[in-house]
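Below is one structure, written out as structure tokens; comments come after it.
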Amino acid sequence: MTFEPVDLLGWAATIVLIATLARQIHKQHQADSVEAVSTWLFVGQITASVLFIAYSALVGSTVFVVTNSLILITAITGQVLAVRRRRNVGPRR
């Protein structure tokens, strides 16, 4: 693995993106309603992340393999928290 100075841009973008996603997951977890959280958003994000990880690995981009792996983790975390929240809230009456 080689590290080029230009990779700092990619790593900076990764930090900003992951911080943003982590904040959004936290905000969704704290929200009163889980209705606004779309399961399809998470399904799409997880699918896209897996495909981007494969693509990034094939083209040899470490920055994007790491970034997309972290995005995948945030998608899974968000989905797990949403499912737990829905279970705790129970069915609407």
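Using the structure shown, decide if residue 58 is in a helix (DSSP H, G or I), at pLDDT 90 or above and over 17 Å from the mean Cα position of the chain (by Cα).
Spelling it out, residue 58 is indeed in a helix (DSSP H, G or I), at pLDDT 90 or above and over 17 Å from the mean Cα position of the chain (by Cα).
Does region 22-41 contain any residue that is modelled with pLDDT of 90 or more, over 16 Å from the mean Cα position of the chain (by Cα) and not hydrophobic (A, V, I, L, M, F, W, C)?
Checked against the condition, which is being modelled with pLDDT of 90 or more, over 16 Å from the mean Cα position of the chain (by Cα) and not hydrophobic (A, V, I, L, M, F, W, C), region 22-41 yields no hits at all.
Quick test for you: out of 16, 66, pick the one residue that is at pLDDT 85 or above, farther than 27 Å from residue 88 by Cβ, part of a helix (DSSP H, G or I) and out of contact with any helix residue (DSSP H, G or I) (no Cβ under 7 Å at 6 or more places or on another chain).
16
The values are calculated or read from the model by the stated rules, or taken from the named source; none is laboratory data. If you're wondering where the values come from, they're calculated on a predicted model, not measured in any experiment. Backbone-built Cβ (ideal geometry, glycine too); neighbour counts: all protein chains shown.
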